[in-house]
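Everything on this sheet refers to the single structure shown next.
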Amino acid sequence: MHRIGVFVCHCGSNIAATVDVERVSNALAHEPGVVHSVNYQYMCSENGQQLIKNAIKEHNLSGIVVCSCSPRMHEATFRKTAEAAGLNPYMVEIANIREQCSWIHKDVEEATEKAIVLARTAVAKLTLNKPLVAGETGVTKRALVIGGGIAGIQAALDIADAGYEVDIVEKNPTIGGRMAQLDKTFPTLDCSACILTPKMVDCAQHEKINIYSYSEVDKVKGFVGNFKVTIKKKARYVDETKCTGCGVCMTNCPSKKGLNSFNMDLNTRPAIYIPFAQAIPNVAVIDPEQCIKLKSGKCGLCSMKCGANAIDYKQQDSFVEREYGAIVVATGFKPISLENFNEYGYADNKDVITSLELERLMNAAGPSKGTLVRPSDGEHPHVITFIQCVGSRDVSGCGKPYCSKICCMYTAKHAMLIREKYPDTQVNVFYIDVRTPGKNYDEFYRRAVEQYGVNYIKGMVGKVYNENGKLMVQGSNLIDNEQVTIASDLVVLATAIEPDPSVKDLATKLTISIDTNNFLTEAHAKLKPVECATAGVYLAGVCQGPKDIPETVAQASAAASKVIGLLAKDKLKGNPCVAHANEMTCTGCSQCAEVCPYGAITYENKEFRIGGGKTEKRRVASVNPAVCQGCGACTVTCPSGAMDLHGFSSAQILKEVEAICKR
Amino acid sequence: MQEIEKNQKKPLIVAFCCNWCSYAGADLAGSSRLSYPAEVKIIKVPCSCRVNPIFILKAFQRGADGVILCGCHPGDCHYSEGNYRTRRRMGLLFSMLNYFGIEKERTRIEWVSAAEGAKFSAVMNDFAKTINELGENRRLEDLRCKD
Ligand code: FES
């Protein structure tokens, strides 16, 4: 039998001025199931709450309805009150007779009647409430960071500094990411390696950080606080524990024609290599496509020369399974392919290069040792033309519709650095708009124009073609309203950036969503910029959207702080208003799992008794309450009506409908 | 006869509001004292996608004259894509109801954000006006299971 108590609040005169509270509490006293109904001036006050607590005990109430302000205001308060009096906090319903009634109606008669209906509706719902207990799960106090660029490094260091273990999984043989390839960074022009490599070393030396380089995430199972991840360690054919990084193997390798991807394929490297001098871990790796020994069985020179006896041609991919409480995705970006942009002649002219290639050409550790030369003939270029927005802000479908955000600034940086080092060089920049929001960014760009005399031309480039060894850049000058053709020695394309392609596969494994441009989607564009809709997964860096280094670092630290907050908990308390399947009626059709945005639903083959001492095995849905967020999408999709939602069950809502429609 | 009945019976309107946007929008309408007719009664659901077509059928069967469904703006659903499902699902239901003779003006989906108190009140005023003009929903009368 229900023993419901109704508590009507005056809210001073906020409610009582328009709603006849006495009439409401009297009317409700006669509702079936209601054993106690009173009104009071301020229910949320100390005294009001005490009044509720006393009544719960005195009348042995099974549930309470508080007719007051919006549940968004005081539902939590009254749930605590109920709990303090020994009632399950989910046996509380609120009738919103302030925001939805007294504040918007003037007529006392009308408002009182509506308040009675709202209160009755809440009572009707409450008759079907069930005590709910929020589930608790433990938390594995270790984080996984996927991607070892500056975003991953920063997140890992922050989490580790807070005292938690972190694993970094990096698909390349070394951490460092794109930032390791850069020469200088805007707007301060400090050398990228100088600020990045100490952080890489910190990662390697941190006792809480474990780096899985040349590795990939293979499988992800579990949920927030309890992820189980299988990591694939690709065969590097070198024993990491023995290799000292001395480099003797590299000098002795006879197969030296592999393209050096760290240098954007601008020069070559041996089949056994260390990507760059400051690589972490400083361990060689063999490219199996290029290694003579691995391809034909003959050679083995590196093994003979290796003093540490680290070469292992028989090494295989291996798998490790690790547990984590939280995951940070920091998979970064790559420049887009230029195959759709034949007009710039990138494929046909060696001296048409991308900005990232220019970074390598200007870097002291790059293929030209930092002397800026033309890739075709090694000559010093005298006229250099930059083209901005190559593939960015492109709605034609060839490129990307978004602004890549970093190109305006790095082009200004390149232009400035070239003019500084080679004052005899003429530098032109074709731009659509120059976008420089950011601290000291516009000042930086203005310096390029005013102090360094970089020739900015507003207009798009239509064509780049080779004429007698000169690159003719044909474009429009919108300010002077004329067509221009600039004979150049080197053309640099500020190429759009896009998420690293590995992110697509990873998103599926993590059940996180991806937008039409393959950027990972945050849980809320404004208020949850580093969280994912999937609890326990966080985003850092360009995988979420174009960003420069300061923004990436800020986001990585934000993600880290979220991870630390999560790992600091011993138990995670869930929201008990989650979905659940009725195994008797579930047919295992899988439709619910398809609509679940969180991947909370799995299927189990279970034995059921079917009478006569027989059993039958059936596939039924099972909801993980720690993952379910309680949206209810599955309940409506389920064709057999087996899915329901605690706290908002179909029966409860139908009861509310009936109560409202009762004339 | 009909005229008299119309005057006697106030229309009944059920409004389903998702917890994250529209319910908060209704609260804002309240705290901004933006009135709308008392015949509108709100049922809170976690997300607009929690609303089963059966709830709406039940409301009409029980004598509701109009049912309105409010959710977050497309793209803003707290559960990321719930309201897209709602939109597709309800599109089908509403045309089916129309086919059954329940005028399609008696059902509506509106996207109301937590900041749109004024929109909430305007939508409800407009919807109530439409329902008043349509009069009582007699179509499912025979099916009504009145207690
Ligand atoms: S939460 Fe508002 S529509 Fe989904």
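In the set A:Ala55, A:Ala27, A:Ala16, which member is small (Gly, Ala, Ser) and closer than 30 Å to B:Cys21 by Cα?
Criteria check complete, one pass: A:Ala16.
Would you confirm whether or not the range A:443-453 contains a residue that is open to solvent by 10 Å² or more (accessible area, probe 1.4 Å), acidic (Asp, Glu) and without any contact (Cβ under 8 Å) to a residue 24 or more places away in the chain?
Yes: one or more hits.
Has the range B:84-92 got any residue that is surrounded by 24 or more Cβ atoms within 10 Å (Cβ to Cβ) and in contact with a Cys (Cβ under 8 Å, 6 or more places away or on another chain)?
There is at least one residue in the range B:84-92 that is surrounded by 24 or more Cβ atoms within 10 Å (Cβ to Cβ) and in contact with a Cys (Cβ under 8 Å, 6 or more places away or on another chain).
Give the residue that is least open to solvent (accessible area, probe 1.4 Å), with candidates limited to residues of the range A:208-236 that are under 17 Å from A:Gly325 (Cα atoms) and assigned to a loop (DSSP other than H, G, I, E, B).
Step by step, filter the range A:208-236, then rank; the result is A:Gly225.
Among the residues of the range A:103-121, is there at least one that is small (Gly, Ala, Ser), within 11 Å of chain B (Cβ to nearest Cβ) and in contact (Cβ under 8 Å) with a residue 24 or more places away in the chain? Spell out how you get there, then give the answer.
Restricting attention to the range A:103-121, the residues satisfying the condition of being small (Gly, Ala, Ser) are A:111, A:115, A:119.
Keeping just the survivors that are within 11 Å of chain B (Cβ to nearest Cβ) gives A:111, A:115.
Still in the running and in contact (Cβ under 8 Å) with a residue 24 or more places away in the chain: A:111, A:115.
Yes, the conditions are met somewhere in the range A:103-121.
Counting only residues that are hydrophobic (A, V, I, L, M, F, W, C) and open to solvent by 60 Å² or more (accessible area, probe 1.4 Å), how many does the range A:590-627 have?
Qualifying residue count for the region: 1.
Quick one: in the range B:39-72, of everything that is facing chain A (nearest Cβ under 7 Å) and open to solvent by 10 Å² or more (accessible area, probe 1.4 Å), which residue is modelled with the lowest pLDDT?
Residue satisfying both the conditions and the ranking: B:Arg62.
Checking the condition in contact with a strand residue (DSSP E or B) (Cβ under 7 Å, 6 or more places away or on another chain) and open to solvent by 40 Å² or more (accessible area, probe 1.4 Å), which residue from A:Val66, A:Val35 passes?
Numbers: A:Val66 fails: open to solvent by 40 Å² or more (accessible area, probe 1.4 Å).
Matching residue, one of A:Val66, A:Val35: A:Val35.
Please find, among A:Leu539, A:Leu520, A:Leu527, the residue that is modelled with pLDDT under 95 and either under 19 Å from A:Asp167 (Cβ atoms) or open to solvent by 10 Å² or more (accessible area, probe 1.4 Å) (or both).
Matching residue, one of A:Leu539, A:Leu520, A:Leu527: A:Leu527.
Please enumerate the residues belonging to the range A:23-81 that are away from every other protein chain (no Cβ under 14 Å), out of contact with any helix residue (DSSP H, G or I) (no Cβ under 8 Å at 6 or more places or on another chain) and assigned to a helix (DSSP H, G or I).
A:Ser25, A:Asn26, A:Ala29, A:Glu46, A:Asn47, A:Gly48, A:Gln50, A:Leu51, A:Asn54, A:Ala55, A:Lys57, A:Glu58
Scan the range A:530-554 residue by residue and report those that are assigned to a strand (DSSP E or B) and in contact with a Cys (Cβ under 8 Å, 6 or more places away or on another chain).
A:Tyr538, A:Leu539, listed by residue number.
Give the residue that is most open to solvent (accessible area, probe 1.4 Å), with candidates limited to residues of the range A:635-654 that are out of contact with any Asp or Glu (no Cβ under 9 Å at 6 or more places or on another chain) and within 10 Å of chain B (Cβ to nearest Cβ). Outline the logic, then answer.
Going through the range A:635-654, the residues out of contact with any Asp or Glu (no Cβ under 9 Å at 6 or more places or on another chain) turn out to be A:636, A:639-641, A:643-649, A:652-654.
Now drop any that are not within 10 Å of chain B (Cβ to nearest Cβ), which leaves A:636, A:641, A:645, A:647-648, A:652-654.
Working: A:Val636: 20, A:Gly641: 57, A:Leu645: 1, A:Gly647: 23, A:Phe648: 30, A:Gln652: 5, A:Ile653: 1, A:Leu654: 38 Å².
Per the stated criteria, the residue is A:Gly641.
Which numbered condition in (1) closer than 24 Å to B:Lys44 by Cα; (2) away from every other protein chain (no Cβ under 14 Å) is the only one that A:Thr137 fails?
(1)
Filter the range B:73-88 down to the residues that are away from chain A (no Cβ under 11 Å) and not charged (D, E, K, R) and list them by number.
B:His73, B:Pro74
Within the range B:94-101, is there a residue that is more than 24 Å from A:Ala523 (Cα to Cα), modelled with pLDDT of 95 or more and in contact with a strand residue (DSSP E or B) (Cβ under 6 Å, 6 or more places away or on another chain)?
no
For the range B:45-76, enumerate the residues that are more than 10 Å from the ligand (Cβ to nearest atom) and under 13 Å from B:Arg87 (Cα atoms).
Correct list: B:Asn52, B:Pro53, B:Ile68, B:Gly75.
Restricting to the range A:90-102, and then to whatever is free of Cβ contacts under 8 Å to residues at least 40 places away in the same chain and in contact with a Leu (Cβ under 6 Å, 6 or more places away or on another chain), can you tell me which residue is surrounded by the most Cβ atoms within 10 Å (Cβ to Cβ)? Reasoning before the result, please.
Taking the range A:90-102 and keeping what is free of Cβ contacts under 8 Å to residues at least 40 places away in the same chain, we get A:92-96, A:99-100.
Subsequent filtering for residues that are in contact with a Leu (Cβ under 6 Å, 6 or more places away or on another chain) retains A:93, A:95.
On the way: A:Glu93: 26, A:Ala95: 29.
Applying the filter and picking the extreme gives A:Ala95.
Looking for whichever is in contact (Cβ under 8 Å) with a residue 12 or more places away in the chain, facing chain A (nearest Cβ under 9 Å) and small (Gly, Ala, Ser) here; the options are B:Ala15, B:Ala24. Which one fits?
Result: B:Ala24 is the single residue among B:Ala15, B:Ala24 that is in contact (Cβ under 8 Å) with a residue 12 or more places away in the chain, facing chain A (nearest Cβ under 9 Å) and small (Gly, Ala, Ser).
Give the range A:330-355 a look and list any residue that's surrounded by 20 or more Cβ atoms within 10 Å (Cβ to Cβ) and either among the basic types (Lys, Arg) or in a helix (DSSP H, G or I) (or both), or say none.
A:Tyr344, A:Ser355
Tell me the helices (runs of 4 or more DSSP H) entirely within the range A:582-663 that contain at least 2 residues that are modelled with pLDDT of 95 or more and within 16 Å of the ligand (Cβ to nearest atom).
A:633-637
Restricting to the range A:491-517, name every residue that is closer than 17 Å to A:Pro401 by Cβ, assigned to a loop (DSSP other than H, G, I, E, B) and open to solvent by less than 60 Å² (accessible area, probe 1.4 Å).
Across the range A:491-517, the qualifying residues are A:Ala496, A:Asn517.
Among the candidates B:Glu116, B:Glu105, which residue alone is within 16 Å of the ligand (Cβ to nearest atom), farther than 27 Å from A:Thr534 by Cα and open to solvent by 40 Å² or more (accessible area, probe 1.4 Å)?
Testing whether each residue is within 16 Å of the ligand (Cβ to nearest atom), farther than 27 Å from A:Thr534 by Cα and open to solvent by 40 Å² or more (accessible area, probe 1.4 Å) leaves just B:Glu116.
The values are calculated or read from the model by the stated rules, or taken from the named source; none is laboratory data. Keep in mind that what you see is a predicted model, and the values were worked out from it rather than measured. We place every Cβ from the backbone using ideal geometry, glycine too, and count neighbours over all the protein chains shown. The protein model used for the area step is the full one, side chains on, heavy atoms only, and it has no ligands, DNA or RNA in it. Shrake-Rupley method; radii C 1.70, N 1.55, O 1.52, S 1.80 Å.
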